[in-house]
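Have a look at the structure below, then the notes.
The values are calculated or read from the model by the stated rules, or taken from the named source; none is laboratory data. Only a predicted model underlies this, so the values are computations on that prediction, with no experimental measurement involved. Don't worry about glycine lacking a Cβ; one is built from the backbone with ideal geometry, like all the others, and counts go over all protein chains shown.
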Ligand SMILES: Nc1ncnc2c1ncn2[C@@H]1O[C@H](COP(=O)(O)OP(=O)(O)OP(=O)(O)O)[C@@H](O)[C@H]1O
Ligand SMILES: [Mg+2]
């Protein structure tokens, strides 16, 4: 039986194709980009959105969960974009690069140090065409087909940028729409810098964000990448970070997921340079009826590399969380040290969490430790805190915070770590 | 005035129904230091947990009155705010909760509950520094998560620091002396003695006379198989030290 021909399109799938047909000519890019978009939409027509039968999407049946599709969001007026940005708190001392509804606003950027070359992706050459268009990569398929803009950025060789480079993704407007941005970022040899990628949007409005960022770290480059996903409460967020690590490079990724109704965050790292290291720390919070899926794929392709991943998750109310962590160690990648831990607190009867570590190891001299725990709060800890006069609710929050925030301790930017703690606290406070 | 009055207390473990306390009677006056001694497994820690409000136990009979109030009606944190403090036999390690943060939350929760003004950061730090110095506790230790990686003796000292800061009315010390070195025993005892006052009572659970050399009790009670089988003055502890429990248990049987 041929699945593809017998599959009836869902409403969202039909709409996506229809929207593409209507918008294709108005989407930016040269001929190569147009060709890439055509390929992407052909892939969508062929595969549809993934069901649980696609292994990488087993716990997130996108075809079932993504009920509706929206037109690409139009570029707002500058004044409107500015107003939308002003509705949120932004850390001071950050180089803020605003992307509103999938459109970059260079007019709203404060000064950028000379070490950084940044431009709208639309201005660049054929910038949209990386990434697979296979059935298990709907994020890239959708983003390639519909991306309206994004950033092209280079951090120059040997330069150190002290301010965090903040990619400020905001969704605004009074109409459901799809915001799709795509970023290509190169941190050149020996450069050192920190990025933050934040996603915020309106509550009470259904919209879709697709976001793909391709990041390259050159020889000896050092970078921190912080993802703060706080989309509106009815939003669908499909995000992907694709990283290639060069020789002797160091990358640390911090991720906090507190928003969105349907969220899939993918982190794909190709560890391509010897002696490189990767640290990922993630906090994922699923409340209400939200579904948050974090899926990571690490490919250790060369010898002598280190990766460490720790995820702390809380599911409560009717929230549902997923973590899939795949680590592949190639045959030549001897002396790989890859550690992964996923710890989850389940705080209600109706919440859930699925954790799936997956190791594919073809080298023989490697260290690969992984562990997943799922538990409720420790009763004896609760009792101890209460016995000191702390009311139960507060004691619970104290323990939940401790559990989550412990993994931010390693972050050497205290101000930023504090800001992340504030986002976590805000989420907790909202459910007292 | 009676601060604590326990009458005919019967308690069992909720989970499996095992009876632990079987008709325990005890009363402690304000200003009094009462020592409870008794063989391993006789129910001393169980009694202290029940006083603090741990819900692993079910009270099947009897009553506990604390300053005229029915203690069993009060929530765990209410008991603490009303001045009841249990120094744990085995203080718990709580990863991720910085000790200072915990101390401050505890102190201010109690104050808030009692309708008192909460401490400002400088006020709080000043208090902690002063009390930590008295107990010879290094402030660096308090930057670590609560009790995590503390040595046995450090944990006990940290319990007494909490007690000194929270200024409870009824202090229950469950084998605070175990794990302490000779100098620490002295420091901790001085800490407890400093809290002795006419409006405060102390219940000291211990196996050893040496603690009672430092914290001299007004009364001594022997707990065996869930009951107080004998009470006396400080000489009773000396007698137990010499002869052990066998005679007394036999006489009570
Ligand atoms: N949660 C529990 N589950 C099972 N048994 C329990 C539980 N709590 C207490 N017990 C049992 O109750 C009895 C009394 O225990 P308790 O800890 O009160 O003794 P204790 O007098 O403090 O002893 P020690 O001097 O050794 O500290 C013991 O036999 C103990 O095993
Ligand atoms: Mg005991």
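Among the residues of region A:341-363, those identified as farther than 26 Å from residue A:65 by Cβ and assigned to a strand (DSSP E or B) are A:341, A:359, A:360, A:361.
Yes/no per residue for (1) closer than 26 Å to residue A:206 by Cα; (2) under 20 Å from the mean Cα position of the chain (by Cα); (3) part of a loop (DSSP other than H, G, I, E, B); (4) modelled with pLDDT of 95 or more:
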{"position": "A:8", "(1), (2), (3), (4)": "yes, no, yes, no"}
{"position": "A:21", "(1), (2), (3), (4)": "yes, no, no, yes"}
{"position": "A:36", "(1), (2), (3), (4)": "no, no, no, no"}
{"position": "A:40", "(1), (2), (3), (4)": "yes, no, no, yes"}
{"position": "A:45", "(1), (2), (3), (4)": "yes, no, no, yes"}
{"position": "A:50", "(1), (2), (3), (4)": "yes, yes, yes, yes"}
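Looking only at residues in region A:393-432 that are free of Cβ contacts under 8 Å to residues at least 12 places away in the same chain and within 7 Å of chain B (Cβ to nearest Cβ), which one is farthest from residue A:252 (Cα to Cα)? If we take residues in region A:393-432 being free of Cβ contacts under 8 Å to residues at least 12 places away in the same chain and within 7 Å of chain B (Cβ to nearest Cβ), then A:394 is farthest from residue A:252 (Cα to Cα).
Yes/no per residue for (1) under 13 Å from the mean Cα position of the chain (by Cα); (2) on the phi > 0 side of the Ramachandran plot; (3) free of Cβ contacts under 8 Å to residues at least 60 places away in the same chain:
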site: A:183; (1), (2), (3): yes, no, no
site: A:189; (1), (2), (3): no, no, yes
site: A:192; (1), (2), (3): no, no, yes
site: A:197; (1), (2), (3): yes, no, yes
site: A:202; (1), (2), (3): no, no, yes
site: A:232; (1), (2), (3): no, no, no
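Taking residue A:377 as meeting all but one of (1) surrounded by fewer than 22 Cβ atoms within 10 Å (Cβ to Cβ); (2) without any contact (Cβ under 8 Å) to a residue 12 or more places away in the chain; (3) under 30 Å from residue B:115 (Cβ atoms), write down the number of the exception. For residue A:377, the failing item is (2). Would region B:89-96 turn up any residue that is free of Cβ contacts under 8 Å to residues at least 24 places away in the same chain and at the interface with chain A (Cβ under 9 Å from one of its Cβ atoms)? There is no residue in region B:89-96 that is free of Cβ contacts under 8 Å to residues at least 24 places away in the same chain and at the interface with chain A (Cβ under 9 Å from one of its Cβ atoms). Confirm whether residue B:160 is within 16 Å of ligand 2 (Cβ to nearest atom), farther than 14 Å from residue B:38 by Cβ, in contact with a strand residue (DSSP E or B) (Cβ under 7 Å, 6 or more places away or on another chain) and within 14 Å of chain A (Cβ to nearest Cβ). No: the conditions fail for residue B:160. For region B:138-183, a residue qualifies if it is more than 24 Å from residue B:203 (Cα to Cα) and more than 20 Å from the chain's Cα centre (by Cα), and the qualifying residues are B:138, B:139, B:140, B:141, B:142, B:143, B:144, B:145, B:148, B:149. Can you confirm whether residue B:112 is out of contact with any strand residue (DSSP E or B) (no Cβ under 7 Å at 6 or more places or on another chain), closer than 18 Å to residue B:154 by Cα and surrounded by 13 or more Cβ atoms within 10 Å (Cβ to Cβ)? Criteria not met by residue B:112.
Name the residues in region B:62-82 that are more than 10 Å from chain A (Cβ to nearest Cβ) and not in a strand (DSSP E or B), would you?
The initial filter retains those residues of region B:62-82 that are more than 10 Å from chain A (Cβ to nearest Cβ), namely B:62-74.
Correct list: B:67, B:68, B:71, B:72, B:73, B:74.
Those strands (runs of 3 or more DSSP E) of region A:222-322 in which 2 or more residues are under 22 Å from residue A:155 (Cβ atoms) occupy A:222-230, A:236-245, A:250-257, A:262-271, A:277-286. Can you find a residue in region B:21-41 that is surrounded by fewer than 21 Cβ atoms within 10 Å (Cβ to Cβ) and within 14 Å of another protein chain (Cβ to nearest Cβ)? Checking region B:21-41: not a single residue is surrounded by fewer than 21 Cβ atoms within 10 Å (Cβ to Cβ) and within 14 Å of another protein chain (Cβ to nearest Cβ). In contact with a strand residue (DSSP E or B) (Cβ under 8 Å, 6 or more places away or on another chain) and within 16 Å of ligand 1 (Cβ to nearest atom): does that describe residue B:234? The answer is no for residue B:234. Can you tell me how many residues in region A:168-189 are surrounded by 18 or more Cβ atoms within 10 Å (Cβ to Cβ) and over 17 Å from residue A:259 (Cα atoms)? Looking only at that region, the number is 11. Note on region A:261-275: residues that are closer than 13 Å to residue A:250 by Cα and either surrounded by fewer than 20 Cβ atoms within 10 Å (Cβ to Cβ) or touching a helix residue (DSSP H, G or I) at 6+ places or on another chain (Cβ under 8 Å) (or both) total 4.
If you go through region B:10-20 and keep only what is part of a strand (DSSP E or B) and either surrounded by fewer than 18 Cβ atoms within 10 Å (Cβ to Cβ) or more than 16 Å from ligand 2 (Cβ to nearest atom) (or both), you end up with B:10, B:12, B:13, B:19.
Given the options A:317, A:289, name the one that is touching a residue at least 60 places away in the same chain (Cβ under 8 Å) and surrounded by fewer than 19 Cβ atoms within 10 Å (Cβ to Cβ). Selected residue: A:317, the only one of A:317, A:289 that is touching a residue at least 60 places away in the same chain (Cβ under 8 Å) and surrounded by fewer than 19 Cβ atoms within 10 Å (Cβ to Cβ). As a summary of the residue check, residue B:109 satisfies the conditions (1) over 20 Å from the mean Cα position of the chain (by Cα); (2) within 11 Å of chain A (Cβ to nearest Cβ) except for the one numbered (1). Restricting attention to region B:97-106 and to residues that are facing another protein chain (nearest Cβ under 7 Å) and at pLDDT 95 or above, the residue that is surrounded by the fewest Cβ atoms within 10 Å (Cβ to Cβ) turns out to be B:105.
Only residues that are surrounded by 21 or more Cβ atoms within 10 Å (Cβ to Cβ) and part of a loop (DSSP other than H, G, I, E, B) were counted in region A:62-97, giving 3. Taken over region A:21-64, residues that are farther than 30 Å from residue A:320 by Cα and touching a strand residue (DSSP E or B) at 6+ places or on another chain (Cβ under 8 Å) amount to 3. Residue B:37 meets the conditions (1) within 16 Å of ligand 1 (Cβ to nearest atom); (2) farther than 30 Å from residue B:250 by Cβ in every case but one. The failed one is (2). Residues considered: B:59, B:6. Of these, the only one that is in contact with a strand residue (DSSP E or B) (Cβ under 8 Å, 6 or more places away or on another chain), more than 14 Å from every other protein chain (Cβ to nearest Cβ) and loosely packed, with under 15 Cβ neighbours inside 10 Å is B:59.
Among the residues of region B:217-233, are any within 16 Å of ligand 2 (Cβ to nearest atom) and surrounded by fewer than 15 Cβ atoms within 10 Å (Cβ to Cβ)? No. Remark: residue B:211 falls outside the filter, which requires a residue to be crowded, with 20+ Cβ neighbours inside 10 Å and either more than 16 Å from ligand 1 (Cβ to nearest atom) or within 18 Å of residue B:83 (Cα to Cα) (or both).
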